[in-house]
Each structure stands twice: as C-alpha cells, then as structure tokens.
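Here's the structure, in structure tokens; my notes come after.
The values are calculated or read from the model by the stated rules, or taken from the named source; none is laboratory data. Please read all numbers here as calculations on a predicted model, not as lab measurements. Cβ coordinates were reconstructed from backbone atoms using ideal geometry, including for glycine residues, and neighbour counts include every protein chain displayed. Just the protein is used for accessible areas: all its heavy atoms, side chains included, with ligands, DNA and RNA removed. Shrake-Rupley method; radii C 1.70, N 1.55, O 1.52, S 1.80 Å.
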Amino acid sequence: MNLNDRRSSLILLLLFVVVKIIFQYWVISPAYDLQRDEYLHLDMANHISAGYLSVPPFTAFNSLLIKWLGNGVFWIHFFPALYGALTMVIIWKMITFIDGGWYAQVLAATLFVCSAMSRLNLLYQPNSMDVLSWTLLFWLLMLYLRQQQGKWLLWMGVVTGIGFLNKYNIIFLVIGLIGALLLSSHRKIFKDKNLYIGGLLALLIVSPNLVWQIQHGLPVIHHMKELSEYQLVNVSRLDFISDQFIFFIGGAFIIVAAFVALLFHKPYRPYRVILLTYIFVILLFTYLRAKSYYSLGLYPVLIAFGCAYWERVFAHGWTRHLRILWVAVIIVPFVFLLSAIFPVMAPEQIRERAGKFRMLGLLRWEDGKDHPLPQDFADMLGWHELAGLTLAAYQRIPEADKPYTLVICENYGEAGAVNYYNRGEMPLAVSFDADYVYWFPKLDTIRYIIKVGETPRGKPLEYIGRVQQMGALKDTLAREYGSGVYLLSDLSPQLPVLLQKMITDRQQGYRGVGK
C-alpha cells in the first residue's frame, strides 16, 4: 500500500470511527432510561474492590472513570461505543496485514456497524470490552504466526489477563485456542518459553481477583449454577446455532467467505488454526447452552479474512462493478430491521407493532415467554420514576431521623437506579440481591426504613410497627411495573439483629464452596 493509499485508508477509518460512535447515540430514543445492569455497574465505582459477585473488577474501574467524568449519560454510552470502534480499528489493521485493500476495509467496517455488534455496543456492560479482548488476542496470534516473535506471546498473556478481569468468558476462547493449536501444525508454539511467561503474566494480572474469589468462597461457581438453572435452561441449542447466522443479517456471506478463504486460499493457510478455534468454541458453547452473544468475539477476525477474500474475488473485469452491490446487500436489510433491533421507537410504538418484533423473536425474555417489549427495552423503563418516588419518601422523614434511615430495594436494578438518580441527596440504597448484599451500612441504629419493590412481608414485619405505601411505578411496559415504595417506622431494636442475620445468610448463599 503506497503513501496515498495509506492516507486514504486512514481518512476512511477515522470517518467510520466517528460514524460508529455517533450511531450508538442516535439509536437510543430519549424515552428510555439506562438498562438495569448499567446501574449496578455504575454503582461499583462507589465500592472499588478486587472482585464482585456479578462481574470481575475491570468494569468497576471503568465506572470510576465515568464517575470522575461526571457520571453523565454521554460518558456511560461513550465507553461501549469506544470499545466497539477500537474493535473495528483492529479489524481494519488485520485486513492490511493480510494484504487487503481499502474496499475490504470499507466492507468490513460497514458490516461491523450494520450487525449485532452495534446492538452489543449499545449498553454499558462488559460485553463490548469482551469482544475487543478476543479480537486483540486473535490479532496478536496472527502477528506471532507470521513473525514468530516471542513478544507477541507475552502480549497475548497481558490481553488474556485484562480480558479475564473484564469477563470470565475469555476462558472459553483460551480453551479453544489451546485445543486448536495442539491439533494444528503450530503445536511447536508449546515449546516457546514465552508462551509460559505470557501465561504467568496473565496469572499475575488476574491474581487479585482469584484471591478475592477464594476469600469469598468462589461465588463465580454459584453464579454459573444460578445462570444455568434460571436462564440458560431456557436457551435452545438450535437457537444458539441459528443466531450465529442472524448476527450479521445481510453480511452472512462474508462469514462464509472467511470459512472458504481459510480452508482453500493458500496465502491464508498459516491462519487455519483460527477456523479450528472457532469450531471448538462454538461446539463448547453449544454444549453448555450458552447465550448466543457469548460467541460474538469470534467474528471480528472472520470479518477481516472474509472481506479481504471477497475483495480478491471481485477484483477483476466486470466483477469490480458489483462491489457497491455487496455493500448495499449489507446495509439494506439492516436499515429495514433497525427499529426492531435498537430502541429507536418509543415503547408505545413498539407495542402497536408487536407483530414485527414477535416474528423476529425479540419479545421472548429469559423466562422463555413473550412480553410486550424486548427484555432489554423493558429493562430501560421506569427507573427514574421509581427513584423519584424513593426520594419523595425520604423527604417525608423528619430531619433528625434521616441519618438513621436504611434504604432496601428488592433487586440490584432498583438499588442502582435509586443511587444513580438520587446520589448525594439520600443514603445509598442496598439490596439482598447481587453485590449489594456486601454493601450494607452499619445497622447499629435504624429509625426508618424505605423499602422499594414488593410489599414488605415475612418475619421482618414482626419488628415493624407501621407500614405506609408512598407510591408505585405506574408504567405498565416497565419490567418493574407495580413496584412500590414503602416507609417503615416504629422499628423494634431487634430488627437490626434480624437484618444482620439475613445479610450473613445471603452472603453464605452466594458462596460456591464452603457453605
């Protein structure tokens, strides 16, 4: 690639990066709040630790950076968009590395934007960074396979460690890579000492989290069991496989082209181990009934190979004139489905057009049943309203008693939303759900409790003299519809003892071993 081509390629890349980031903001209607998981992830900035029940610690430090930047919605959406854009940059570099040109790069960037990748980059979750980590790992492997320089193995260790601290999902890629390398002509890699030094670097990076896991009884095991029993049990293996073809809609031919290229195109033979890795990981995920999007990190490298090969196929004669057609084939179906994939329409509009969403299977939630809105969309409604009701209840408490108020929510979404919208105006909310069970304040003196969620019930009621309902969430399309806010007073001195026992029991329940 000459100087002019490199300059043109760089300008095109910058253009796509800008488009990618702007697109992620544009496809979210202002009718929606943040999604429930985002509130938990943001609240981790107030409880920095080496580990958490729900995710490894990378997200917490990312949230701390967002907090320093003002905790605004702009920055919350910026980071998943940034990680998506960086993934696209690596794909761009991969194409240059395997001698692809600007058309292959444009095709790849178009496919990346017009695919499930943009859906993934919508929410502030570990998933965007997870895909970036997988892509980096494949990129470093490609560099090693061509150059045989040990430094790339060391960097693979670093990326694996950071990827692990972001999401444990990267373990499955490592397993797939090890299996593929053992069965390939590249098995001599296991004789390179840098591979083991890289492994030690990865272990050193993840060690604080491993220590935290051991100290807390390996809650990741409990989390996986809970995930398997209540969510993955509703995942069909056939649906998992079919979703792999749906991720890229009109661009599925690029993924097929990658398979063909890696199998039959001679210059790509050194990289066939990537295809073998793909097969191993997909088989592993299928067996485990994994959620479909867990595999998305496998595709950026395939996009690079597929687009570079497609450019070669349509490089001569009249076939060159078909190049614009392939870009259109990617864009047109995506535009048609845009309003179904992204929350660009207000909730009432979605309910009016439920047929389209049902046909695409987007109304099915983790419980295996259809609902009026896609689950992620329903999880983006009502939080601001619920936080407002909670603050109003807090303001009813006498000034002298406010420092002695405990705010308990039914689930982590409610607790996170209350803390996000009411930060600095009332005590931090907690819950017996997820990481909040470790974040309770001292319970020495409690005069009032604000309960958010279901009506207070069970043994604690014996120690509560008065229960007042202060309001309830009225948005019927919100997943939290009907959740109430209750002001509890005339509390028995024995209540803190009972609550402390409930906290200890709940913490014990989250232990994967040593219960």
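Some observations on this one:
- Over the chain, relative contact order from alpha-carbon pairs under 8 Å, at least 6 apart, %: 18
- Positive contributions from Lys and Arg (+1) and negative ones from Asp and Glu (-1), summed over other residues with Cβ under 13 Å from the Cβ of ILE66, come out at 0.
- Above-threshold pairs, the threshold being 19 Å between Cα atoms, out of LYS151/LYS188; LYS93/LYS193; LYS459/LYS501; LYS402/LYS442; LYS225/LYS291; LYS67/LYS474: LYS93/LYS193; LYS67/LYS474
- Relative frequency of Cα-Cα separations exceeding 26 Å in the stretch 1-138, percent: 30
- From most to least packed by mean Cβ count within 10 Å, the peptides 119-127, 246-254 give 119-127, 246-254.
- In range of the label at ASN71: residues from the stretch 22-52 whose backbone nitrogen is under 19 Å from the point 7 Å along Cα→Cβ: 33-49
- Computed over the chain, the per-residue total of -39500 (n - 2.57) for DSSP H runs of n ≥ 4 gives a 222 nm mean residue ellipticity of -18500 deg cm²/dmol, rounded to 500.
- Contact order for the stretch 1-152, expressed relative to its length and based on alpha carbon pairs under 8 Å spaced 6+ residues apart, stands at 27 percent.
- Among LEU487, ILE446, THR476 - extreme Cα towards positive end, dipole of the stretch 373-514, charges at beta-carbon: ILE446
- Cα convex hull of the stretch 330-456 - mean projected area over all directions, nm²: 10.5
- Label-point gap, in nm, between PHE253 and VAL467 - each point 7 angstrom along Cα→Cβ: 6.2
- When the convex hull of its Cα atoms is projected in every direction, mean area for the stretch 240-371 (nm²): 9.8
- Farthest towards the positive end of the charge dipole of the chain, among the residues PHE97, VAL335, LEU15, is the Cα of PHE97, using unit charges on the Cβ of Lys, Arg, Asp and Glu.
- Extension reserve of the PHE245-VAL497 stretch, reckoned as 0.36 nm per residue once the Cα distance is removed: 85.3 nm
- Since only TYR394, VAL430, ALA354 are under comparison, the one whose Cα sits farthest along the positive direction of the charge dipole of the stretch 300-430, derived from C-beta charges on Lys, Arg, Asp and Glu, is ALA354.
- Potential lengthening between LYS266 and VAL335 on full extension [0.36 nm per residue; Cα-Cα distance subtracted]: 21.2 nm
- Phi-derived couplings, Karplus 6.51 cos²θ - 1.76 cosθ + 1.60 at θ = phi - 60°, listed residue by residue for the stretch 381-389: 10, x, 5, 4, 4, 5, 5, x, 5 Hz, with x used for Gly and Pro.
- The residues of the stretch 28-183 present an accessible area of 30 Å² per residue when probed at 1.4 Å with all protein chains retained.
- In the stretch 402-515, Cα pairs under 8 Å separated by at least six residues give a relative contact order of 25 percent.
- Placing +1 on the Cβ of every Lys and Arg and -1 on the Cβ of every Asp and Glu, with no other charges, gives the chain a dipole of roughly 1860 debye about its Cα centre.
- Legend: translational diffusion of the chain by Stokes-Einstein, Rh = Kirkwood radius over C-alpha pairs, 20 °C, 1.002 mPa s; D = 86 µm²/s.
- A crude spin-label estimate for the pair HIS371 and LYS459, with each label 7 Å from Cα along the Cβ direction, gives 3.1 nm.
- R0 of 45 Å, Cβ-Cβ distance ARG146-ASN46: FRET efficiency to nearest 0.05: 0.50
- Distance in nm between pseudo-label sites at ARG187 and LEU14 (7 Å out along the Cβ direction from Cα): 4.9
- Solvent exposure of the stretch 335-420 amounts to 43 Å² per residue of accessible area, where only protein heavy atoms count and the probe is 1.4 Å.
- Three-way shape label, the stretch 392-513, alpha-carbon gyration tensor, a/c 1.5: rounded
- Here's the list of aspartates and glutamates a cross-link from LYS167 could span, going by alpha-carbon distance under 13 Å and ignoring same-chain residues fewer than 8 apart: ASP130.
- On the chain, 63 percent of the accessible area sits on carbon and sulfur atoms, based on a 1.4 Å probe.
- Anisotropy class of the stretch 147-299 from Cα gyration tensor, a/c 1.5 cut: oblate
- Restricted to Cα atoms, the stretch 1-61 shows a radius of gyration and a Dmax of 18.8, 51 angstrom.
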